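One structure is given below, encoded as structure tokens.
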Ligand code: NAD
């Protein structure tokens, strides 16, 4: 069985760690590869950072117009290999074919936006701020930067950061999720074809030991993290204590409010796609559906029909609209949470726990579940499920619904379905969440906008994507100059 290698100094090299864990296809438990995982990983982080530092010094002197040329090349490589990357994503993460293509498209869009770095990183100049004195602010790269990513978007999330880091003149180290490292192996084979200094973009595999080595390496100036909230908190506190700039995205529990004036037919399909897309393993998945003013019956019936009609199976097969969840442990955690909801007084309207997919009997499959009358005063309402489970609750007024949104532990996304502009305006102004959707089920910001998130969904200041990423990966330098007007002097 193939043991995956690190990519250091622009070469594929064996990990210093001899410990490995299996990379598994969640649809059938086939072992796809072995990935290094263990305490010796720290040595590899040091090697990667040392070569990255050298490469970055050279790279930062390359004009920005030239630096973005490698992104144009990377975009065409991505496009040429889209199908191969998508197949790997489906095989290691369980996504459907469309979902895999969708996340690659989002990665490409970030490369495209980062191609605008020559404009996006422009500074400011004020001439004659005082007599004969000019002042300017320029942006310079930080040095060596790194990202640590989760399993649920094996390609896209790295690209919230990588293109911006590189275009602004930094070196970049990737620590992919140990559950889905194969997508990055394929992408690094494309990166290998770029004309960049050796060591500029590197990858080291592993788990907590590798992450700790990144957190402790003095060469690393900035860390971008995406994953669960406890790990985000850990990385933010340890990274900042070690003097690094950190942006750490955490977990989520996203509420969706349905007002009585919503277009029920359109809304229910969008909402069900939001809850069950990517088998619910999406930080922007709708989780709690709140009906307002007693129109619960109609919403409930429509959601039930839409949820029941989803076809579950191996994501690359035709007609499949929902794949498996990532691991058997994840499946057990989700079924335990369904049980918790029932024990807390909810009614299991649709039970997706016992599903058997012919030919894929060993897969981690669940079909859509719906819990109704989930208690607002109990634990499940604030617990991230990260699986294909919808919680239905009923609230009397829009004010109470907004208060419910704002009382949540997380603040990643909140959506409203309505045909009233006034209600939409009230919601977008008063709902406390970093990403707001109006008649949108997955309010995922396009690459031009920051991927926001509030409360326990984000630790830091600047987010990934767009201008925020440009700011995150640069430091400002202010220069003030006096140039006496020698031509006005008499010689
Ligand atoms: P995770 O936190 O378990 O792992 C994320 C990364 O952290 C992995 O690379 C992993 O190796 C590393 N890691 C795990 N435990 C660690 C530890 N104790 N110390 C140091 N590093 C550690 O997350 P996951 O299960 O891969 O991903 C799912 C989570 O990610 C969900 O909570 C989801 O909401 C969240 N997520 C958030 C966003 C967002 O934008 N807010 C996007 C995608 C996923």
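Give, in whole angstrom and from largest to smallest, the semi-axes √(5λ) of the equivalent ellipsoid of segment 120-163, with λ running over the eigenvalues of the Cα gyration tensor.
Values: eigenvalues 313, 20, 7 Å².
Three semi-axes, in Å: 40, 10, 6.
Listed highest first by mean packing, meaning other Cβ atoms within 10 Å per residue, what order do 205-213, 4-12, 158-166 come in? It would help to have the intermediate numbers written out before the result.
Details: 205-213: 22.4, 4-12: 19.6, 158-166: 28.7.
Packing order, densest peptide first, comes out as 158-166, 205-213, 4-12.
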7 Å from Cα along Cα→Cβ at both residue 136 and residue 79: what's the point-to-point distance in nm? 3.5 nm
Assuming R0 = 25 Å, can you tell me the calculated FRET efficiency for the pair residue 432 and residue 293, based on Cβ-Cβ distance, to the nearest 0.05? 0.70
For the chain, what is the calculated [θ] at 222 nm in deg cm²/dmol (nearest 500), taking -39500 (n - 2.57) for each run of four or more DSSP H residues and dividing by its residue count? -11000 deg cm²/dmol
Taking Cα atoms, the helix 421-430 axis meets the longest principal axis of the chain at an angle in degrees (rounded to 10) of 60 degrees
Give me the one-decimal nm value for the distance between modelled label points at residue 22 and residue 407, 7 Å along each residue's Cα-to-Cβ direction. 4.5 nm
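Please state, to two decimals, what the Cα-based radius of gyration of segment 346-491 comes to when divided by 2.2 N^0.38 Å (N = residues). Spell out each step's value before the answer.
Details: Rg = 24.6 Å, N = 146, 2.2 N^0.38 = 14.6 Å.
Rg over 2.2 N^0.38 Å, computed on Cα atoms: 1.69.
How large is the translational diffusion coefficient of segment 1-108 in µm² per second when you combine the Kirkwood radius over alpha carbon pairs with Stokes-Einstein at 20 °C and 1.002 mPa s?
Values: Rh = 16.6 Å.
Translational diffusion coefficient: 129 µm²/s.
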Peptides 376-387, 214-225: what's the order by average Cβ count within 10 Å, highest mean first? 214-225, 376-387
Do you know the relative contact order of segment 42-138, to the nearest whole percent, from alpha carbon pairs under 8 angstrom that are 6+ apart? 23 percent
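Roughly how compact is segment 175-302, stated as its Cα Rg over 2.2 N^0.38 Å to two decimals?
Numbers: Rg = 20.9 Å, N = 128, 2.2 N^0.38 = 13.9 Å.
Normalised by 2.2 N^0.38 Å, the Cα Rg of segment 175-302 equals 1.50.
With a/c under 1.5 counting as rounded, go ahead and sort the chain into rounded, prolate or oblate using the C-alpha gyration tensor (a ≥ b ≥ c being the square roots of the eigenvalues; past the cut-off, prolate if a/b is larger than b/c, else oblate).
Details: a/c = 2.20, a/b = 1.39, b/c = 1.58.
Note, shape of the chain comes out oblate.
Suppose R0 equals 22 Å; then what is the FRET efficiency for residue 343 and residue 400 from their Cβ-Cβ distance, rounded to the nearest 0.05?
On the way: r = 25 Å, r/R0 = 1.15.
For residue 343 and residue 400, the calculated efficiency is 0.30.
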As I understand it, the value is the acute angle between the Cα axis of helix 328-343 and the longest principal axis of the Cα atoms of the chain; what does it come to in degrees, rounded to 10? 50 degrees
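What is the packing order of peptides 117-124, 468-475, 296-303, 317-324, taking the mean over residues of other C-beta atoms within 10 Å and listing the highest first? Write down the numbers at each step before the final one.
Values: 117-124: 16.0, 468-475: 23.1, 296-303: 17.8, 317-324: 19.5.
The densest-packed peptide leads the list: 468-475, 317-324, 296-303, 117-124.
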Calculated P(r) of segment 254-438 - Cα pairs past 27 Å, %: 23 percent
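Tell me the relative contact order for the chain as a rounded percent, counting alpha carbon contacts under 8 Å between residues six or more apart. Mind showing how you got there, number by number?
Working: 1146 pairs, mean separation 91.8, N = 491.
Value for the chain: 19 percent.
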Using only Cα atoms and rounding to the nearest 10 degrees, what angle (0 to 90) does helix 82-93 make with the longest principal axis of the chain? 60 degrees
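None of the figures in this text is laboratory data; all of them are computed from the coordinates on show. These figures come from a predicted structure and were not determined experimentally. Note: ideal-geometry Cβ built from the backbone for every residue, glycine included; neighbour counts use all protein chains shown.
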